[in-house]
Amino acid sequence: MLQYGVHDTGYPRNVRVRAHLERRLGAVVDVAPRSRAASRLRRAFHDVRSLARGSRHADVVLVSEFRLSHAPLAWLAARLRGAVLVVDGFVGLHETAVDDGRRVAPASLAARRLRLLDAAAVRCADVYLVDTEPRAAEIVRRHHPAAPVVPLAVGAPAWATWQPSEARGDALRVLYYGGYIPLHGVDLVIEALVLVGARRRVEVVFVGDGPARPSAEARVRRAGLADRCTFVDAVPESELVERIARADVVLGVFGSSAKARGVVANKVWQGLACGRTVVTQRTSALDDVQREVGGLLVQTEPASASSIADALVTAPPADRAKAPRDVAVRLEAIVRRSYDRLTDRLAGLGLGPVS
């Protein structure tokens with residue numbers, strides 16, 4: 001098997017996919033990282049060469065997340081080799097640049113090009129991967145693919161396990177971490193903190209960086225929340241568990257895009273696996289998770305600052321949240337079931353042990 005266009009060999013998503021195929025199907029996986037050459041022409045040359053060489057004896061070509069634009073090229077290589085093409089559409093081009101990042105105008109030619117590239121990636125695939133059932137349903141509704149669309153749950157990394165907590169004062173300790181992208185809905189969170197007002201003492205730590213951080217800090221100051229909000233720079237993933245352990249509540253996503261309504265963010269999995277209450281926007285993608293963790297997951301109404309405020313006012317401190325110690329195990333069972341569906345789909349294409 002060739003895992004093509006990998007942007008980071010340690011990225012949790014492609015590590016998990018690779019490990020599953022190795023364990024369940026006995027795959028021998030060759031990884032072809034994306035080129036880091038200085039010029040676009042040299043990058044293209046290196047990528048084409050690695051695809052041609054890596055697919056030579058492959059039964060499966062897997063296009064890694066963040067490389068959807070290369071799906072047609074990978075399709076050609078797979079067809080020439082008689083291989084199955086699996087495309088990981090975990091990160092769509094249009095939704096990332098237009099809907100979430102808002103870097104590209106929706107009506108622009110660039111947006112239209114990204115939409116066409118997304119569609120081509122879906123149509124090229126023999127199996128197309130996303131992360132949740134609602135997003136899979138949206139792909140089917142929009143593109144009507146002949147190939148199956150398989151949701152693979154993101155899950156929590158190995159470091160995210162139940163964390164003990166000590167009672168500390170009267171304030172509810174809330175944690176946000178991320179890049180201040182529209183998907184996260186930080187402005188709505190700040191509006192909710194204003195609505196909390198004197199109903200409860202809430203202290204929020206904002207961890208991360210991004211172009212929108214300065215405006216978030218300025219909005220906090222204007223709202224008179226500077227005494228209860230602390231902004232710190234991004235930390236390595238290895239330090240996140242310490243931040244989560246010191247929190248009572250981890251914030252999820254509150255954006256207004258279609259992705260925000262259908263995604264289960266990394267931080268949701270991580271916060272829950274550590275035994276912390278997670279407050280995030282309501283989505284049917286969380287149904288399985290809600291059944292496993294119960295009250296540890298609090299879902300708020302979309303686009304509702306008052307719903308977020310109410311959740312923060314009523315959230316228990318971590319030492320009284322009654323998080324089951326096996327919560328990480330319960331969440332991992334959800335992930336395993338979703339990956340078993342991928343195994344079944346590949347088996348249906350005649351793939352047992354793959355190379």
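The values are calculated or read from the model by the stated rules, or taken from the named source; none is laboratory data. Everything numeric here is computed off the predicted structure, so don't read it as measured data. Here the Cβ is made from the backbone with ideal geometry for all residues, glycine too, and neighbour counts use every protein chain on show. The protein model used for the area step is the full one, side chains on, heavy atoms only, and it has no ligands, DNA or RNA in it. Shrake-Rupley method; radii C 1.70, N 1.55, O 1.52, S 1.80 Å.
Max-minus-min Cα coordinates of the range 176-283 on each principal axis give 33, 32, 30 Å, with the largest extent listed first. Volume of the convex hull of the range 3-119 (Cα atoms only), normalised per residue: 114 Å³. Note on exposure: GLU292, GLU237 ranked by accessible area (1.4 Å probe, complete protein assembly) read GLU237, GLU292, with the most exposed listed first. The accessible surface of the range 86-132, taken with every protein chain in place and a 1.4 Å probe, is 59 percent carbon and sulfur.
For the range 287-355, the relative contact order is 36 percent, taking Cα pairs closer than 8 Å that sit 6 or more residues apart in sequence and dividing their mean separation by the residue count.
The portion of the accessible surface of the range 283-355 made up by carbon and sulfur, rounded to a whole percent, is 49 (1.4 Å probe; DNA, RNA and ligands excluded).
Assign one of three labels to the chain, namely rounded, prolate or oblate, based on the Cα gyration tensor with a ≥ b ≥ c the square roots of its eigenvalues; rounded applies when a/c is under 1.5, prolate when it is not and a/b is larger than b/c, and oblate otherwise. The shape class here is prolate. How many angstrom separate the Cα center of the range 216-264 from the Cα center of the range 275-304? Measuring centre to centre over Cα atoms gives 16 Å. Rg/Rh for the range 53-207 (Cα atoms only, Rh after Kirkwood) is 1.12.
Centroid-to-centroid, using Cα positions, the range 41-65 and the range 67-132 are 16 Å apart.
With bins 5 Å wide beginning at 0, the percent of Cα pairs of the range 267-355 falling in each bin runs 3, 13, 20, 18, 15, 9, 8, 6, 4, 3, 1.
Using the scaling law 2.2 N^0.38 Å as the reference, what is the normalised Cα Rg of the range 85-140?
Working: Rg = 11.5 Å, N = 56, 2.2 N^0.38 = 10.2 Å.
For the range 85-140, the normalised Cα radius of gyration is 1.13.
I need the P(r) histogram for the range 57-112: all alpha carbon pairs, bin width 5 Å from 0 out to the longest distance, whole percents. Bins of 5 Å from zero give 4, 20, 22, 16, 14, 10, 8, 5, 0 percent of pairs. Cα-based radius of gyration for the range 206-355, normalised by 2.2 N^0.38 Å, reads 1.23. Average accessible surface for the range 1-132: 48 Å² per residue, computed with a 1.4 Å probe over protein heavy atoms with every protein chain in place. If one takes the longest principal axis of the Cα atoms in the chain, at what angle in degrees, from 0 to 90 and to the nearest 10, does the Cα axis of helix 12-25 lie? The two axes meet at around 50 degrees. Largest accessible area first, the residues GLU191, GLU242 order themselves as GLU242, GLU191 under a 1.4 Å probe with ligands, DNA and RNA left out. Around the amide H of VAL250, modelled in the peptide plane, lie the amide H atoms of LEU175, THR277, VAL278, VAL279, all under 5 Å away and 5 or more residues distant in sequence or on another chain.
Given R0 = 45 Å, the distance between the Cβ atoms of ALA38 and ALA223 translates into a calculated FRET efficiency of 0.50.
If you take the beta carbon distance between ASP319 and VAL140 as r and set R0 to 41 Å, what does 1/(1 + (r/R0)^6) give as a FRET efficiency, to the nearest 0.05? Walk me through the intermediate numbers first.
Details: r = 44 Å, r/R0 = 1.08.
That pair, ASP319 with VAL140, gives E of 0.40.
Extension gain, ARG337-GLU166: 0.36 nm per intervening residue step, less the Cα-Cα distance, totals 58.1 nm. Residues TRP159, TRP269 ordered from highest to lowest accessible area at a 1.4 Å probe: TRP159, TRP269.
If N is the number of residues in the range 234-290, what value comes out of its Cα radius of gyration divided by 2.2 N^0.38 Å? Present the calculation step by step, with values, prior to reporting the outcome.
Working: Rg = 11.8 Å, N = 57, 2.2 N^0.38 = 10.2 Å.
Ratio of Rg to 2.2 N^0.38 Å for the range 234-290: 1.15.
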